[in-house]
Every structure is written in C-alpha cells, then in structure tokens.
Amino acid sequence: MRNKELHRQAMHRYITSEKGRHTRRIYCRKTRQEYRNKVIKLLGERCVKCGFNDIRILQIDHINGCGTKERKAMSSLTYYKKILEEIQQGSKKYQILCPNCNWLKRIEKMEYF
C-alpha cells in the first residue's frame, strides 16, 4: 500500500512539472491529429461539394449544423474520439468540406454560432 501512495505522489509531481505538462501536450496533439486523420479517411478524404482533397485543411462538418456547440462542450481530443466512434457505428451526421464550401453552407443555411 505504501508503494502505491509513493508512486501516486511521484506521478503527481511529474504531471504537474513543466516537463510533464509538455509531454502531455505533445501526446494530446499527436493523438488528436491521429483521430482527426482517421475521421477524414473514413469520410472519404475529399470535400463532398467540390472534391478538394488537401487533408491539411479539410474540415469535419455536421450536416445538420450545431457543430460549434458540440465542439465547445468538450476537449478537442474527446470531440474527435466521439466523432470517430459515431462514424464507426454508422452515423451519417458528418461530412467533409473544404473551408470555402463549409463557409458557403453556413451562410446559405444561416448556421451562425
């Protein structure tokens, strides 16, 4: 029991240290990018409107809107993980759009934050 407590204290010191926070940021950034890439790959890797296919700037769009509210309710890592799980279960709530087509859709459907 004593060893578990010592281990917990050591982990807490590491996690709250500058090195631990930096390591966590790198891990989260890498994992978030992996989830994002998986989602984009599952959704076809191209804009559904114009066919643009530069994965660096493609955006995941909620077909029926309200994506901003959903995204702000959780961390970006959790958000991408949730979307990936939904798509793997057969959800049709998402599509891939390039930034231009996404903004045009927002304007046309009046999807304001």
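Coordinate-derived values only; no laboratory data. In this text, all values refer to a predicted model and were calculated from it rather than measured experimentally. Here the Cβ positions follow ideal geometry from the backbone for every residue, glycine too, while neighbour counts run over all protein chains shown.
Return the single residue from Y27, Y14, Y79 with maximal mean-square fluctuation; model: Gaussian network over the chain, springs between Cα atoms under 10 Å.
The residue with the greatest mean-square fluctuation here is Y14.
How many angstrom lie between the Cα centre of region 33-78 and the Cα centre of region 1-20?
Going from one Cα centre to the other spans 36 Å.
Under unit Cβ charges (Lys, Arg +1; Asp, Glu -1), what dipole magnitude, rounded to 20 debye, does the chain have relative to its Cα centre?
520
Among G90, G67, G51, which one shows the biggest mean-square fluctuation in a GNM of the chain, springs joining Cα atoms closer than 10 Å?
G90
Just subtract the alpha-carbon distance of K19 and T68 from 0.36 nm times their residue separation and send over the number in nm, one decimal.
14.4 nm
Only helical DSSP H runs with n ≥ 4 go in: add -39500 (n - 2.57) per run for the chain, normalise by residue count and round the 222 nm mean residue ellipticity to 500 deg cm²/dmol.
The per-residue figure over the chain is -19500 deg cm²/dmol.
Which of the GluC sites (Glu not before Pro) found in region 23-113 are in a DSSP loop and have at most 14 neighbouring Cβ atoms, other than their own, within 10 Å?
The qualifying sites are E45.
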